[in-house]
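The values are calculated or read from the model by the stated rules, or taken from the named source; none is laboratory data. All of these numbers come straight from a predicted model, not from anything done at the bench. Cβ coordinates were reconstructed from backbone atoms using ideal geometry, including for glycine residues, and neighbour counts include every protein chain displayed.
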Amino acid sequence: MNTQDYIALEERYNAHNYHPLDVVLERGEGIWVWDVEGNRYLDFLSAYSALNQGHAHPRILKALVEQAGRMPLTSRAFRNDQLPLLAKELCELTGYEMMLPMNSGAEAVETALKMARKWGYRVKGIPDGKAEIIACRGNFAGRTISVLSFSSETQYRDGFGPFTPGFCTVAYGEAQALEAAITTNTAAIIIEPIQGEGGVIVPPEGYLKEVRGICDRHGILFIADEIQTGLGRTGKLFACDWEEVRPDVVTIGKALSGGFYPVSAVLADRAVMSVFAPGEHGSTFGGNPLAAAVAREALRVLVDEGLIDNAREQGEYLMGRLARIESDHIREVRGKGLLIGVELKPEAGGARRFAEALKSEGLLCKETHETVIRFAPPLVIRRDDIDWAVERIEKVLTMP
């Protein structure tokens, strides 16, 4: 079967809920992927930052295979020998006292929302059923009904109401707007340190520190959604680390498994996490031994191979190279570490055509919000690979 055969099958039998580039991949290694016809591409998206450790990292693969051969699943009805070790290692790495394991990023966010509401009732004393959570416009935290309830993206919401009450949104990057929205019933604020799906929007310097201060003054929780920005993507373990800010709750996922398996988690100290009692929240697959073994090795790879520092160094180099491209199409280059957005001028004809042209040049990336090209290669990338990529990016961005 060739590319068109696979596309025809997908179009016929699979729900049309995505608009992927027309490339059918069958194999990946490190920063490279190959399609069904043997063409090689440099992956400059990393499955939306799930592949920080690169494709099919041999150490994580070994951990997956070994654990799959012993015991993939127990459910949380019983204990397993991998989850306690993951909890210990993850908490020691991040500095939080406890973690709660889930599967997808959206599940981690839902968990954090439930935690914040219950904390609001049990600890802050908000009247039952009145808890409010503030989010920022332009956010992306998944596509569940509750998450859509605080999304500002019309496409995500259209046709899916009624929505969950108890949320309000304010402008991103404006601390005063955030503080003005707080009421006596506010339990938490949820913020992406950098809005990835929103267009790689970087807030003003000092914003996260201001948010931390606001939360402290008003006695509310600061929830940082680090599912895309965390685990080294921006050149620090967490993007909040750039401002030396410690949120009360952090959601992580994606690169927590190195792309091998859906694994996510919520991090918090005991005073917040302890609001959950047995039976109040959980997941059959959350914290299963296969997921835990994979996540343990994925974290070790990040640390042992210096991928966080590499993201910072290579990200600075890539940003510099992109900023020097002389193109009438480019409005702005922004980002941090290896999470970079190239915003195009409205008259450029949209980002999709450039992503398609880059695919033809052997580089895979994706548009977001119509006018932004998102670049997020695996953190294992080296300088000569970036040079190879920038040659093709410059060629495409300087075309008519």
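Here are the numbers for the structure shown:
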{"quantity": "Residue within the range 104-127 that is in contact (Cβ under 8 Å) with a residue 24 or more places away in the chain, in a helix (DSSP H, G or I), touching a Lys or Arg at 6+ places or on another chain (Cβ under 8 Å) and assigned by TED's automatic domain parsing to the domain that holds Leu256 present", "calculated": "yes"}
{"quantity": "Residue match in the range 14-33 (condition: over 18 Å from the mean Cα position of the chain (by Cα), over 30 Å from Val200 (Cα atoms) and either touching a residue at least 12 places away in the same chain (Cβ under 8 Å) or in a helix (DSSP H, G or I) (or both))", "calculated": "no"}
{"quantity": "Residues of the range 302-347 satisfying the condition of being without any contact (Cβ under 8 Å) to a residue 24 or more places away in the chain, assigned to a helix (DSSP H, G or I) and in contact with a strand residue (DSSP E or B) (Cβ under 8 Å, 6 or more places away or on another chain)", "calculated": "Met319, Ala323"}
{"quantity": "Glu11 being over 25 Å from Leu379 (Cα atoms), assigned by TED's automatic domain parsing to the domain that holds Ile393 and not in a loop (DSSP other than H, G, I, E, B)", "calculated": "yes"}
{"quantity": "Pairs, first touching a residue at least 60 places away in the same chain (Cβ under 8 Å) in the range 247-268, second charged (D, E, K, R) and part of a strand (DSSP E or B), C-beta under 8 Å, six or more apart", "calculated": "Thr251/Asp225"}
{"quantity": "Whichever residue in the range 232-249 is of a type in the set (Val, Ile, Thr) and in a loop (DSSP other than H, G, I, E, B) and, among such residues, is surrounded by the most Cβ atoms within 10 Å (Cβ to Cβ)", "calculated": "Thr234"}
{"quantity": "Scope the range 128-139; condition part of a loop (DSSP other than H, G, I, E, B), touching a strand residue (DSSP E or B) at 6+ places or on another chain (Cβ under 7 Å) and more than 17 Å from Phe276 (Cβ to Cβ); matching residues", "calculated": "Arg137, Gly138, Asn139"}
{"quantity": "Residues of the range 361-380 that turn out to be closer than 15 Å to His329 by Cα, assigned to a loop (DSSP other than H, G, I, E, B) and out of contact with any Pro (no Cβ under 8 Å at 6 or more places or on another chain), as a count", "calculated": "1"}
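Quick grid of which residues meet (1) under 19 Å from Val263 (Cβ atoms); (2) surrounded by fewer than 17 Cβ atoms within 10 Å (Cβ to Cβ); (3) assigned by TED's automatic domain parsing to the domain that holds Gly30; (4) not β-branched (Val, Ile, Thr):
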residue: Ser274; (1), (2), (3), (4): no, yes, no, yes
residue: Gly279; (1), (2), (3), (4): no, yes, no, yes
residue: Pro289; (1), (2), (3), (4): yes, no, no, yes
residue: Ala292; (1), (2), (3), (4): yes, no, no, yes
residue: Arg296; (1), (2), (3), (4): yes, no, no, yes
residue: Arg312; (1), (2), (3), (4): no, no, yes, yes
residue: Arg334; (1), (2), (3), (4): no, no, yes, yes
